[in-house]
Structures are given as C-alpha cells and as structure tokens.
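Please read the structure below before turning to the comments.
The values are calculated or read from the model by the stated rules, or taken from the named source; none is laboratory data. A quick note: this is a predicted structure, and the numbers were derived from the prediction, not measured. Don't worry about glycine lacking a Cβ; one is built from the backbone with ideal geometry, like all the others, and counts go over all protein chains shown. The accessibility values were calculated without ligands, DNA or RNA, using every heavy atom of the protein model including side chains. Shrake-Rupley method; radii C 1.70, N 1.55, O 1.52, S 1.80 Å.
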Amino acid sequence: MSNEENFNFGEFLYKARRKIYLSQKTMAERLGYVQSTYCSFENNSRQPTDRIVAALIEFGKAHKIRIPVTNIRKLVKERKENVSTNEASGWVY
C-alpha cells in the first residue's frame with residue numbers, strides 16, 4: 001500500500017496542530033471553524049470538504065507546514081462520489 005492509501009486526515013490534523021503547539025480551539029478558529037466541527041475532522045467523524053482544503057492551504061503557507069493537498073482532495077472527491085451514489089440509490093443521509 002502506498003502512503004496515499006494509508007492517509008489519515010484526522011491524524012494529519014492532529015500532528016500538524018501539535019507541531020505548532022495549538023489547542024483544538026485555536027486551530028479551529030484559525031481555520032474558520034468552531035471547535036466542535038474541527039474536533040469532528042480530527043476524530044475522522046467528519047470528512048474533509050473543499051472549504052477545509054482551502055483553509056489548510058492558507059494555514060500551511062502561514063505556518064510553513066506541508067499540506068498533503070493531493071491526499072486530502074482525493075478524500076473530498078471520494079466523499080462527493082459517495083454522496084452522489086447514495087442520492088442516486090434513493091438513500092440520503
């Protein structure tokens with residue numbers, strides 16, 4: 001398996017946040033989210049969105065943190081495909 005297949009978005013967020021000694025609340029604010037939403041991303045109970053990708057790119061530039069944009073965008077694409085498939089089958093969550 002490649003690193004891309006093993007990519008864990010929540011783990012990435014956690015490590016990036018800890019690398020620069022931020023609390024979840026502060027990280028959430030800097031990305032433009034409330035703490036509970038950010039926590040959901042970090043715990044992998046919420047999938048990444050285009051909005052958080054854009055926020056992370058800007059955050060990475062400001063803090064000199066490499067953001068694995070390709071891996072995150074792949075997750076966003078998969079989420080969108082799953083939503084489309086569920087809607088087409090009549091299942092909406």
Worksheet entry | Heavy-atom accessible area ranking, 1.4 Å probe, most first, across GLU11, GLU42, GLU29 | GLU29, GLU11, GLU42
Worksheet item: Contour minus end-to-end for LYS19 and VAL53, with contour as 0.36 nm per residue of separation and end-to-end as the Cα-Cα distance?
Response: 10.4 nm
Response to the item:
Projected onto their principal axes, the Cα atoms of the range 1-80 stretch, largest extent first, over whole-Å spans of 32, 24, 19
Practice prompt. Using the Karplus curve 6.51 cos²θ - 1.76 cosθ + 1.60 with θ = phi - 60°, work out ³J(HN,Hα) for each residue of the range 10-19 in order, rounded to whole Hz, and write x for Gly and Pro.
Written response: x, 5, 4, 4, 4, 5, 5, 5, 5, 4
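What number comes out for the charge environment of VAL76, summing +1 per Lys or Arg and -1 per Asp or Glu over other residues with Cβ under 11 Å away? Intermediate values should be presented prior to the final figure.
Numbers: positive: ARG51, ARG73, LYS74, LYS77, ARG79, LYS80; negative: ASP50, GLU78, GLU81.
Summing Lys/Arg as +1 and Asp/Glu as -1 gives +3.
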Worksheet item: What accessible area, in Å² to the nearest ten, does a 1.4 Å probe give for PHE7?
Response: 40 Å²
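Kindly sort TYR21, TYR33 by accessible area of their heavy atoms, largest first, with the probe set to 1.4 Å. Let's see the in-between values first.
On the way: TYR21 200, TYR33 25 Å².
Result, largest first: TYR21, TYR33.
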